[in-house]
1. Just to check I understand the Karplus step: with θ = phi - 60° and J = 6.51 cos²θ - 1.76 cosθ + 1.60, what whole-Hz values come out for segment 387-403, glycine and proline as x?
2. Work out from phi, with θ = phi - 60° and the Karplus expression 6.51 cos²θ - 1.76 cosθ + 1.60, the ³J(HN,Hα) of each residue of segment 298-311, listed in order in whole Hz, and give x for Gly and Pro.
3. How big is the gap, in Å, between the Cα center of segment 187-244 and the Cα center of segment 263-295?
4. Filter the chymotrypsin sites (Phe, Trp or Tyr not before Pro) in segment 211-291 down to the DSSP loop ones having no more than 12 other Cβ atoms within 10 Å, then list what survives.
5. Take the alpha carbon gyration tensor of segment 259-384, find the square roots of its eigenvalues, order them as a ≥ b ≥ c, and report rounded if a/c is under 1.5; if not, report prolate when a/b exceeds b/c, else oblate.
6. GluC sites (Glu not before Pro) within segment 231-328: which are DSSP loop residues with at most 15 other Cβ atoms inside 10 Å?
7. S288: net charge of surrounding residues, Cβ under 12 Å, Lys/Arg +1, Asp/Glu -1, itself excluded?
8. FRET efficiency for E218 and S384, Cβ-Cβ distance as r, R0 = 35 Å, nearest 0.05?
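What follows draws every value from the coordinates through simple rules; no lab data is involved. Given the structure is predicted, the values throughout are model-derived calculations rather than measurements. Virtual Cβ from ideal backbone geometry, glycine too; neighbours counted across all protein chains shown.
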Amino acid sequence: MSNNSQGSVKGEAAPMVPPSGSASSHGPPLSPSTTSKSPELPDELVQAGWSKCWSRRENRPYYFNRFTNQSLWEVPVLGQHDVISDPLGLNAAPAEGGDGNLGNGQRKRRSSEEQGAGPNSFKRTKLCLQVEPTTPISPSTPGVKPWSSAPEEKQVPVTTIYWDLDVQTNAVIRERSAANHLPLHPEIELQRAQLVTKLRQHYHELCHQREGIDPPRESFNRWLLERKVIDKGLDPLLPSECEPAVSPSMFREVMNDIPIRLSRIKYKEEARKLLFKYAEAAKRMIDSRNASPESRKVVKWNAEDTMNWLRRDHSASKEDYMDRLEHLRQQCGPHVTAVAKDSVEGICSKIYQLSAEYSRRLRQTHLSLLQDPSTETCASPPQSRLVYCYPVRLSIPTPALPRVELHFENDVACLRFRGEMVKVNRGHFSKLVSRVIWILLGVI
């Protein structure tokens, strides 16, 4: 019974008395919080504040608790949870019977809905229709498992993954020949990870040695993504065949941090210090580089003018400092960029050349691990027929792979290979396993 109806029921309810014609002729109805002990309830319920009352509106008995102002259609159950300290009943023991997992409020609400669904009720019952989807029949393809496999043939993964990559396809393509991609190998992947870490360290050192700055945050990762979009090389991660060799994104990000990296400013003192550092760094850079006399004159004059203004004016606001910094960047920025252009292009081209060298080294090592791929019999050319989209088949067989130890510690997957251990979150590990399976098949 809802809270809105409690007030009306209290006003029209009385202790449990058999309904008769004379009941309505007497005075106003009694409140359900009567002190008279009802013989129809156990002593435990009476001591807990429960009493049996009669609802004239519903023409049926209900039970009211004078301590908690709670009303129920059904007989209260001993040992129920306290609605004040535990309103959801999380700490309550499950009750017996078919409605054991339903609380008093749910049983009360269900009873009201069942009573209200009479001939004059406007509530409509929802129709639950079970529609079984039809699966298209896959064309027969030798060596290819049909996509429309039965549900019982599909293996359920042991752990929950983030994405379900095993999605049925409705795309129809022409049958393709086997691809020449090299199969995955743990030793190659370990060497690739080491070379990528080494290349990242080279990038850090070049930025420090040539420009005296730290590399921009996540700049190397963005460079990998930008290069792989246009890369025509054979390595799945390291770029090796890109035009142009100088990455525009890496060049732009490094140039934005020259002569110093600009950060977000919150206070006036931070803006003052940043303006002074920029003027000092620009003057020092133009003095140490091979710049034209005109560029040297413009940068030094603006830097010295800014320093004199900082020493002279101590009442400027944060906005004044930021406006002065923007003006200084507009005056000195083109000259600083012209001086540092060759050096930054050298950083970008050097990283690309190292990446191409590492890519060639990885492929040579990978080919040496394969078991005579040239002696394998060539697959017959595919027939020109339409089939459902299927994973790419590799023409080079996978060699015998070394053992990788795997064990789980709570929600962490621990992988050990050649004495080196890597710990990965169990959910992420399940997703990676699914992706590696499809990478082996050549889909992703």
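1. Running phi through 6.51 cos²θ - 1.76 cosθ + 1.60 with θ = phi - 60° gives 9, 5, 4, 9, x, 5, 9, 8, 7, 9, x, 7, x, 5, 8, x, 7 Hz.
2. Per-residue couplings from phi come out as 5, 5, 5, 5, 5, 5, 5, 5, 5, 5, 5, 5, 5, 6 Hz.
3. The distance from the Cα centre of segment 187-244 to that of segment 263-295 comes to 29 Å.
4. In loop regions of segment 211-291 (DSSP not H, G, I, E or B), the sparsely surrounded chymotrypsin sites (Phe, Trp or Tyr not before Pro) are Y267.
5. It is prolate, given that a/c is not under 1.5 and a/b is the larger ratio.
6. Passing sites in segment 231-328 are E241.
7. Cβ neighbours under 12 Å give a net charge of +3.
8. 0.15
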